[in-house]
Amino acid sequence: MLHRAEIIEIVCTEKYWIEVNELIDAGGNKKFGNISKLVLGLFTLPFSNASVERTSSIVNIIKDKLRNKMLIKMVEAILHICSILNASSSNPQ
C-alpha cells in the first residue's frame, strides 16, 4: 500500500501514476512498475474512435473503385490537403 508520505499532494491522476512509476524499494527495483506502466499506457488510448472513423470515410471517398490503384503517398497527400482545408474553413480569419 502506498503511504501518503511517499507521494505528497498530487492532484492530477497522470502525475500521480508517474510518481508511482518512479517509486523504488530498498533494492533499487520499481515497486509498482508493471501496474504503473499499464495505467500510463491506458492514458494514451483515445476516448473515442471518431477521428479514425472520419479518416477512414475520407479515404473511402478518395480511393473509390475508379482510383483503387492509387499509391499510399498520394492518399496521404490528399488527406493532408483535406485536413488543411477543413482547419482553414473552421477557423476563418
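Suppose every Lys and Arg Cβ carries +1 and every Asp and Glu Cβ carries -1, with no other charges. What dipole size does segment 50-90 come out with about its Cα centre, to the nearest 20 debye? Spell out each step's value before the answer.
Values: 6 positive and 3 negative charges, 42 e Å.
Dipole magnitude for segment 50-90 comes out near 200 debye.
Show which lysines lie in cross-link reach of LYS37 when reach means a straight Cα distance below 18 angstrom and same-chain residues fewer than eight apart are skipped.
Cα-Cα hits under 18 Å: LYS15.
Among PHE43, LEU23, ALA77, which residue has its Cα positioned farthest towards the positive end of the charge dipole of segment 13-93, with +1 placed on the Cβ of Lys and Arg, -1 on the Cβ of Asp and Glu, and the dipole taken about the Cα centre?
ALA77
Using Cβ contacts closer than 10 Å as the measure, can you line up CYS82, CYS12 from fewest to most?
CYS12, CYS82
Label-point separation (nm) for SER57 and VAL11, each offset 7 Å from Cα along Cα-to-Cβ?
Roughly 3.8 nm, to one decimal.
Distance from a point 7 Å along Cα→Cβ of LEU79 to each backbone N in segment 45-59: keep the residues under 14 Å and list them by number.
50-59
Quick check on the exposure proxy: order THR44, THR55 from fewest to most C-beta atoms within 10 angstrom.
Ordered by Cβ neighbours within 10 Å, fewest first: THR44, THR55.
Read-outs: derived from the displayed coordinates by stated rules, not from any lab. Model, not experiment: these values are computed from the prediction. In this analysis, Cβ positions are derived from the backbone assuming ideal geometry, glycine residues included, and neighbour counts consider all displayed protein chains.
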